[in-house]
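For reference, the structure is listed below as structure tokens.
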Amino acid sequence: MKTKNIKVAYTNRYSKNCSIPHSGAAMSATVPKIQMEGRWLESLGFTIGAPLIVEYEEGSIHIRTLTAEEMAEKERGEAQAEFEKKLAELEQARNRMDSMAAPSMVAEPAVEYAASAAKSRY
């Protein structure tokens, strides 16, 4: 196994300060980052756009590309989540339609209408 020496660097993350209304102020937090780049990654199979999985525990990080089976499972999970979301939206639409009151009658019943029409002729 080959080794590469790198350092943990830092980056700043900015977010809106929600505690001060209408200030527009942004808060900054310094967080650690590990940056790797170079052709050596490509030679190990880490091509641009390749999906990765990062497994970690105290003091150790393992990065690898997803296998075809893992990608298929990920896509199945995403499709299932999308299906469930659409199903929930459909159920909400059904509930809204069911809760709507039946339209009230805008015309008089035929019997009353016929009687009033006959009176107005004479």
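The values are calculated or read from the model by the stated rules, or taken from the named source; none is laboratory data. As the structure is a computational prediction, the values presented were derived from the model and not from experiment. All Cβ positions, even for glycine, are placed from backbone atoms using ideal geometry, and neighbour counts span all protein chains on display. To get the accessible areas, we keep the full protein, side chains included, count just its heavy atoms, and leave off ligands, DNA and RNA. Shrake-Rupley method; radii C 1.70, N 1.55, O 1.52, S 1.80 Å.
Of all residues in region 24-61, those being open to solvent by less than 60 Å² (accessible area, probe 1.4 Å), on the phi > 0 side of the Ramachandran plot and free of Cβ contacts under 8 Å to residues at least 12 places away in the same chain number 2. The lone criterion from (1) modelled with pLDDT of 95 or more; (2) in a loop (DSSP other than H, G, I, E, B); (3) among the small types (G, A, S) left unmet by A101 is number (1). Only one of the listed residues (R76, R64) is touching a residue at least 12 places away in the same chain (Cβ under 8 Å) and of a type in the set (D, E, K, R). That residue is R64.
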